[in-house]
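The values are calculated or read from the model by the stated rules, or taken from the named source; none is laboratory data. This structure is a prediction, so every number in the text was calculated from the model and none was measured. All Cβ positions, even for glycine, are placed from backbone atoms using ideal geometry, and neighbour counts span all protein chains on display.
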Amino acid sequence: MKKQLLTVEYDFNFLLIGLCCVSKDYRVCYEINNKLGLILKKVDDIVLGTTAKRRGKEPDLLPDEDGDDWARYSVYVHMHPQTGLIYNVVANKSKGNLLIPEKKECDYFLLITGEAHDKEKQEALKKIKSIPMILTAFEIDPNTLKSKDHLILND
């Protein structure tokens, strides 16, 4: 019998903003809530097994049975009732591991998913840059990232 391979192509058409900040995730989300008028709430963490990394491979999306080597990346989410935009704040660092290794300078990522005009996106970026605890914020093209699959959150 002939095997068939199923490939899934995801659409990475969201605004991705890299945030450099040394504060805890809940403090960053509190400030983003105040600036953008959001109510970001903590949801289940992204959990990656890190034992494969020691063997020279990418981290697995499903960790090993022994919970010792699990990296947990915190996730906060808000769905805007008027615009329908979904805001996610995702930590990039956990136990010395990176969710997106290509962007080791980023401590957090802000993902804005939905149909937003460029004006709204640029306004959000401008407001985030005005937060004193955030050292820098910059837009990232998710299609250029090798490990962009780790950013698939709302499926």
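Listed here are the residues, each with its yes/no results for (1) more than 25 Å from Val22 (Cβ to Cβ); (2) touching a residue at least 12 places away in the same chain (Cβ under 8 Å); (3) part of a loop (DSSP other than H, G, I, E, B); (4) not polar (S, T, N, Q).
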position: Gln82; (1), (2), (3), (4): yes, no, yes, no
position: Cys106; (1), (2), (3), (4): no, yes, yes, yes
position: Phe109; (1), (2), (3), (4): no, yes, no, yes
position: Lys121; (1), (2), (3), (4): yes, yes, no, yes
position: Ile128; (1), (2), (3), (4): no, yes, no, yes
position: Phe138; (1), (2), (3), (4): no, yes, no, yes
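Just one residue in the set Asp69, Asp45 is surrounded by 13 or more Cβ atoms within 10 Å (Cβ to Cβ), among the charged types (D, E, K, R), touching a helix residue (DSSP H, G or I) at 6+ places or on another chain (Cβ under 7 Å) and modelled with pLDDT under 90; that residue is Asp69.
Inside segment 70-80, can you point out the residues that are among the aliphatic types (A, V, I, L, M) and in contact (Cβ under 8 Å) with a residue 24 or more places away in the chain?
Within segment 70-80, Ala71, Val75, Val77 meet the criteria.
Taken together, the criteria place Thr113 among residues that are surrounded by 15 or more Cβ atoms within 10 Å (Cβ to Cβ) and either farther than 21 Å from Tyr26 by Cβ or polar (S, T, N, Q) (or both).
Scanning segment 120-155 for residues being surrounded by fewer than 17 Cβ atoms within 10 Å (Cβ to Cβ), over 25 Å from Arg27 (Cβ atoms) and hydrophobic (A, V, I, L, M, F, W, C) gives a total of 1. Of the residues screened, Leu19 is one that is at pLDDT 90 or above and outside any helix (DSSP H, G or I).
Return yes or no: is Ile112 modelled with pLDDT of 85 or more and more than 30 Å from Thr7 (Cβ to Cβ)?
no
If you filter segment 86-109 down to residues that are in contact with a Ser or Thr (Cβ under 7 Å, 6 or more places away or on another chain) and surrounded by 20 or more Cβ atoms within 10 Å (Cβ to Cβ), you find that the one that is modelled with the highest pLDDT is Ala91. Within segment 85-116, being among the small types (Gly, Ala, Ser) and either under 10 Å from the mean Cα position of the chain (by Cα) or closer than 15 Å to Leu36 by Cβ (or both) holds for Ala91, Gly114, Ala116.
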